[in-house]
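Worksheet: one structure, shown below.
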Amino acid sequence: MASATPLLKDELDIVIPTIRNLDFLEMWRPFFEPYHLIIVQDGDPSKTIKVPEGFDYELYNRNDINRILGPKANCISFKDSACRCFGYMVSKKKYIYTIDDDCFVATDPSGHKINALKQHIENLLCPSTPFFFNTLYEPFREGADFVRGYPFSLREGVPTAVSHGLWLNIPDYDAPTQLVKPLERNTRYVDAVLTIPKGTLFPMCGMNLAFDRDLIGAAMYFGLMGDGQPIGRYDDMWAGWCCKVICDHLGLGIKTGLPYIYHSKASNPFVNLRKEYKGIFWQEDIIPFFQSVVLPKEATTVQKCYIELAKQVKEKLTKVDPYFDKLADAMVTWIEAWDELNPAGASVANGKA
């Protein structure tokens with residue numbers, strides 16, 4: 001009967017940002033019902049969000065965020081799905097899975113419904129291999145292994161901090177690509193998981209994402225986006241770039257590939273363009289910045305790495321736009337708020353002191 005117990009049932013929270021009733025959970029019920037949900041309500045806090053019966057959840061709206069964080073609440077975005085990172089902060093679990101409310105259960109090529117959460121957990125519990133690329137991709141999967149020529153000294157791998165899943169149907173495109181390919185749909189199911197090599201950045205999408213909160217949670221800040229900010233739709237990108245350089249520095253791994261979800265709804269490309277257009281220019285400076293970041297040897301924790309990163313953002317990216325000065329300050333505020341809600345030693349039960 002042991003197999004009937006869902007993996008990590010008491011060690012994982014599912015974080016969902018939303019502005020609407022969560023009817024989509026009905027489809028996910030067989031997979032999500034055993035787990036605790038943290039719902040972060042964006043927009044008007046007086047609106048009531050309906051959650052289907054039978055789910056174990058806590059819900060936070062803007063009033064709750066202001067009450068819990070006080071003056072530090074200004075680091076949490078408003079009117080943007082970046083608000084989800086508040087859920088990461090208040091969780092007390094070792095693992096987080098976050099999903100958008102327009103993401104449905106996908107089916108694999110043989111017609112079976114995909115339990116995305118189970119695959120993410122398998123990715124996180126399995127080592128990563130960022131220092132040497134295995135041409136058979138994930139060496140720890142059944143039917144695969146390390147190929148000839150792979151150094152034995154690197155076969156143990158390193159802990160996996162992030163599992164980045166993909167999407168069938170509506171791909172995660174930027175506005176210009178959406179505009180020129182309005183009817184494009186992703187129907188390709190690639191049955192592969194791979195570790196992103198050390199020194200390689202990637203565009204992280206937050207709509208089907210899992211991570212080890214103890215290993216990298218403090219760096220999963222989704223930035224200042226949405227209301228009152230000059231940019232949107234770069235929240236998960238920013239978090240991904242920060243997490244990747246910190247994982248590279250600390251010797252942790254990030255995987256991408258399986259699992260797939262079915263992304264049901266294309267957002268308006270004209271609205272997206274308005275949110276993204278500064279980011280499209282800025283990223284030509286942001287990417288070289290992250291490619292050249294060097295973190296000092298003394299930065300031995302995620303928090304120390306993140307504070308150092310904030311300092312370098314302020315020094316080097318403020319010349320691109322004054323927004324980055326504000327973002328660097330918010331990064332520091334985020335760490336202060338994280339440490340207040342997650343004092344050292346609070347995760348002793350998870351083996352972290």
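Once you list every other residue whose beta carbon is under 10 Å from the beta carbon of Phe222, what net charge do they have if Lys and Arg are +1 and Asp and Glu are -1? List each step's numbers first, then the result.
Numbers: positive: Arg84; negative: Asp80, Asp235, Asp236.
After counting each charged neighbour, the total is -2.
Rounded to the nearest angstrom and listed largest first, the equivalent-ellipsoid semi-axes of the stretch 1-115 from its Cα gyration tensor are 27, 16, 12. Using a probe radius of 1.4 angstrom, the carbon and sulfur fraction of the accessible surface of the chain is 55%.
Among 29-39, 131-141, the peptide with the highest mean count of other Cβ atoms within 10 Å heads the list, and the full ranking is 29-39, 131-141.
Among Asp191, Asp64, Asp236, the largest mean-square fluctuation in a Gaussian network model of the chain (Cα springs under 10 Å) belongs to Asp191.
Here each label is just a point 7 Å from Cα along the line to Cβ, and for Arg155 and Ser264 those points are 4.6 nm apart.
Largest GNM mean-square fluctuation across Gln291, Gln303, Gln178, computed for the chain with C-alpha springs under 10 Å, falls on Gln291.
Percent of alpha carbon pairs in the stretch 12-341 separated by more than 39 Å? Each step should come with its number before you reach the end.
On the way: 4928 of 54285 pairs.
Tail fraction, whole percent: 9.
Over 21 Å between Cα atoms: which of Lys297/Lys319; Lys244/Lys316; Lys79/Lys113; Lys93/Lys297; Lys9/Lys92; Lys198/Lys297 fall into that group? Pairs exceeding 21 Å: Lys297/Lys319; Lys79/Lys113; Lys93/Lys297. At 0.36 nm per residue, and after removing the present C-alpha to C-alpha distance, how many nm does the segment from Arg185 to Val320 gain when stretched out fully? Taking Arg185 through Val320 to full extension adds about 45.1 nm, to one decimal.
Among 226-233, 15-22, the peptide with the highest mean count of other Cβ atoms within 10 Å heads the list, and the full ranking is 15-22, 226-233. Rolling a 1.4 Å probe across the protein heavy atoms gives the chain an accessible surface of 46 Å² per residue.
The values are calculated or read from the model by the stated rules, or taken from the named source; none is laboratory data. Being a predicted model, the structure only gives us computed values, none of them experimental. A quick note on method: Cβ atoms are made from the backbone with ideal geometry, for glycine too, and the neighbour counts reach across all protein chains shown. Calculation scope for accessible area: heavy atoms of the full protein, side chains included, ligands and nucleic acids excluded. Shrake-Rupley method; radii C 1.70, N 1.55, O 1.52, S 1.80 Å.
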